1. Relative contact order of the range 1-133, please, whole-number percent, based on alpha carbon pairs below 8 angstrom and at least 6 residues apart.
2. Along the positive direction of the dipole of the chain (beta-carbon charges: Lys, Arg +1; Asp, Glu -1; about the Cα centre), which of 38, 125, 88 reaches farthest?
3. Might you tell me the accessible area per residue for the range 67-109, computed with a 1.4 Å probe and given in Å²?
4. In terms of Cα to Cα distance under 15 Å, which aspartates and glutamates are near enough to residue 41, apart from those fewer than 8 places away along the same chain?
5. Given a cut-off of 20 Å, name the pairs among 21/45; 21/136; 71/156; 35/153 whose C-alpha atoms lie farther apart than that in the structure shown.
6. Label points 7 Å out from Cα along the Cβ direction at residue 65 and residue 116: separation in nm?
7. By the scheme Lys and Arg +1, Asp and Glu -1, what is the net charge of all other residues having a beta-carbon under 15 Å from that of residue 55?
8. What does the charge count near residue 134 come to, summing +1 for each Lys or Arg and -1 for each Asp or Glu among other residues with Cβ under 15 Å from its Cβ?
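The values are calculated or read from the model by the stated rules, or taken from the named source; none is laboratory data. Since this is a predicted model, take the numbers as computed values, not measurements. Virtual Cβ from ideal backbone geometry, glycine too; neighbours counted across all protein chains shown. We work out accessible area using only protein heavy atoms, side chains counted, and drop any ligands, DNA or RNA first. Shrake-Rupley method; radii C 1.70, N 1.55, O 1.52, S 1.80 Å.
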Amino acid sequence: YIHIVVLGRLVERKGQIWLLKALRQVQDIYTGDYKVTIAGKGPMKSKLEQYVNRHNIKNVTFVGFVEESAKPKLLSSADIAVFPSTGGESFGIVLIEAMAANSRVVIGGDNVGYRSVLGSHPELLVKPTNTNEFTKKLVGFMSNSTARQKAHKWNKQEIFKYDVSTVGTKLTNIYLKK
């Protein structure tokens, strides 16, 4: 099966509701096995759960708060890690965490912060509020193992840009004015 993981605070700007709207369409299109894990807590939790129940969205599990020590294991289980934030992100640290944890595909909402990490690969960015585009992107990765492998290969190469040995050297050189 394909495992989709969403990890983040359950607040409006993090965009989980837009993922659920896309999943309503995904379940009518994608015929393979999949499950969706939504991890996090916040004021939108009951609204999101009600939406899932009201629209009979299948294969969605809410796991609540995840301890920092358990996040890498959860993210490493993701065939597709989705961060559908609609804005307010200064940088995509959560994307980098997912990449470092070995999530196969990392999809982020098309906002300034997430573009700073995924901008060179626009196929990994999505406008969460465009349900049809979001659905198409999810189904595209869910149904195409080659696309997932290509994204995973890029993740594994890209993550080294953010390694402490790389970043630390750059910062040290800045401070030493080399």
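1. Details: 249 pairs, mean separation 35.9, N = 133.
About 27 percent, as a whole number.
2. 88
3. Details: 1650 Å² over 43 residues.
It amounts to 38 Å² per residue over the range 67-109.
4. The qualifying aspartates and glutamates are 12, 49, 67, 68.
5. Distance filter (> 20 Å) returns 35/153.
6. My value for the distance between the label points is 2.8 nm.
7. Around residue 55, the charge tally is +3.
8. Once all neighbours under 15 Å are counted, the net charge is +2.
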